[in-house]
Amino acid sequence: MSLEKELEETDFDLLTLLQSKRESVLPYSRVHFKRGETIISEGEQNQYFYIILDGAVSMNKGTCREDIILSFLGKEEQLGFFHLVENSPSPVSYEAVSEVSAYRFESSYVRERVAEEKPDLFLQLANLAAFPAFEREAKVHLPSDEKILAGLIIIGKKFGRLEEDGSCLIPYFFTQKILGNYLNLARAYVATNLRKLEEEGILALSPKPWRIYQFKKHEERLKREYNLF
């Protein structure tokens, strides 16, 4: 049984758990981050744990050149499982891709509440937080145009807007640079392959936002041919 399925079947609702303790002062606050703002820094101890209310966040890992993006997180997803162990530095950073609002909890409070409810969830939830990074690795050996299309479909499934004609609009804040950092491709290479996909009638780049035509059809084809998603 998958971890996601296991959590669903136990009706485990982390946000409800964290908000349920009766105290004179609420154990959380609502915070906002601007586009491009760092929420948690790699290599630093962080005292906070976040649950996203709205917006898009990237999970990043530093390299000798620039950060690579391991995954994207959105509404109701969590930031901070990797440093819930006391005095543990975060192995990754998180950055706001768009305007982001979130609930912010003290990490010590989250440790206490999860330990009270179900102690073995610490490792399970950390593994669940890491899982999207493996989805990125599954695209490493694809041809570049297919890799870009796969990346756009992952973004579209999480953040896009499906239209009545079956196309999907990609939010404007996902840029060529962000796509390149996610797929480990130079920006010029991203631009070349986006144009190739446009010439093939798979997507439209202008006017923004980018539009993927026949979204479900392309998703199913990539799933069938490359075992993605």
Inset, instruction - Would you kindly derive the ³J(HN,Hα) couplings of region 198-209 from the backbone phi angles with the Karplus curve 6.51 cos²θ - 1.76 cosθ + 1.60 (θ = phi - 60°), listing them in order in whole Hz, with x for Gly and Pro? - result: 5, 4, 7, x, 7, 8, 10, 9, 9, x, 5, x
Legend entry - Simple label model, 7 Å out from Cα along Cβ direction - Glu44 to Asp120, nm: 3.6 nm
Inset, instruction - Could you calculate the contour length gain from Thr175 to Gln214, that is, 0.36 nm times the residue separation minus the distance between their Cα atoms, to one decimal place in nm? - result: 11.9 nm
Inset, instruction - Compare the peptides 138-147, 104-113 by average per-residue count of other Cβ atoms within 10 angstrom and give them in order, highest first. - result: 104-113, 138-147
Legend entry - Most to least accessible of Glu76, Glu95 (protein chains only, probe 1.4 Å): Glu76, Glu95
Inset, instruction - Could you state, as a whole-number percent, how many of the C-alpha pairs of region 133-229 are farther apart than 24 Å? - result: 10 percent
Legend entry - Separation in nanometres of the label points that stand 7 Å from Cα toward Cβ, at Glu106 and Asp54: 2.9 nm
Inset, instruction - With a 1.4 Å probe and every protein chain left in place, tell me how much accessible area His32 has, in Å² to the nearest 10. - result: 130 Å²
Legend entry - By average C-beta atoms within 10 angstrom, highest first, the peptides 221-227, 158-164, 88-94: 88-94, 158-164, 221-227
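The values are calculated or read from the model by the stated rules, or taken from the named source; none is laboratory data. Owing to the predicted nature of the structure, the values given are computational and were not obtained by experimental measurement. Counting neighbours? That spans all protein chains shown, and the Cβs are built from the backbone with ideal geometry, glycine included. For the accessible areas, the whole protein counts, side chains as well, though only heavy atoms, and no ligand, DNA or RNA atoms are used. Shrake-Rupley method; radii C 1.70, N 1.55, O 1.52, S 1.80 Å.
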